[in-house]
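Here is the structure we will look at, set down as structure tokens.
The values are calculated or read from the model by the stated rules, or taken from the named source; none is laboratory data. Computed from a prediction, not measured in an experiment: that's the story for all the values here. When we count neighbours, we look across all protein chains shown, and the Cβ atoms used for this are built from the backbone with ideal geometry, even at glycine. For accessibility, only protein heavy atoms count, side chains too; no ligands or nucleic acids. Shrake-Rupley method; radii C 1.70, N 1.55, O 1.52, S 1.80 Å.
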Amino acid sequence: MTEISPASPVPGPARAPNAPASRADRLISSDFNTFLRMLTTQLKNQDPLNPMDNSEYAVQLATFSGVEQQVRTNTLLESLGTQLGVSGLATYAGWVGKDARADMPVWYSGSPVTLAAKPDPKADSAELVVTNAAGLVVARQPVLPGADTVTWTGLDPLGAPMPTGRYTFALESFALGARIATTPAEAYARVIEARGGATPTLVFTGGIAVEAQKVTALRGG
């Protein structure tokens, strides 16, 4: 029977000279050497009268090879994900200082808020509904059928400014006095920060964070 000696490890992907091995490479090399030593010991100590079938060794080698390739694939995917995240962040960084539109709350501090609010085509009337951070409806404002945008002044019925804080908006459409639809009213707000990661995020005035992919429009600040 031919004896397998613990020869030199199977070479991995080529690296630049003197380049330090990655954690995954070191782990794979160490595990493969251990696997070869175990396999050699298994061969040396098997029963000569009842040797292990060669196909079993082939299965063990194939299994380890599959695990090795999966580890390398995961490492490659992590690297690609990091590179794509950095690339995306560079794009979104150009949005800082601009006004972006999304379905999101708005930080009101006394300035009028522009909203994209389009009533249902079947509606004969519509209202903008304003809700504060506590979930209470604090204002209702008529919206003309067929309108595309509406401006909320932030004033109460007596003409005084609403308290500074976070507000959300919805558009209710009516037909013959019955409500037929309620849809979000997308707001414009100033982008003050762009954050990378698996899901790039934009931060707006007031610390409101929204996934970048939810932005539907962008305009110069």
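Straight-line reach from residue 98: taking Cα to Cα under 24 Å and skipping same-chain neighbours fewer than 8 places apart, the lysines in range are 118, 214. Legend: calculated FRET efficiency, residue 133 to residue 63, from the Cβ-Cβ distance at R0 = 45 Å, rounded to 0.05, equals 0.20. The listed residues 201, 149, once ranked by accessible area (1.4 Å probe) with the largest placed first, stand as 149, 201.
Given R0 = 45 Å, the distance between the Cβ atoms of residue 41 and residue 198 translates into a calculated FRET efficiency of 0.55. The length gained by stretching the chain between residue 183 and residue 218 to full extension, at 0.36 nm per residue less their Cα-Cα distance, is 10.5 nm.
The label-point distance for residue 96 and residue 153, in a model that sets each label 7 Å from Cα toward Cβ, rounds to 3.6 nm.
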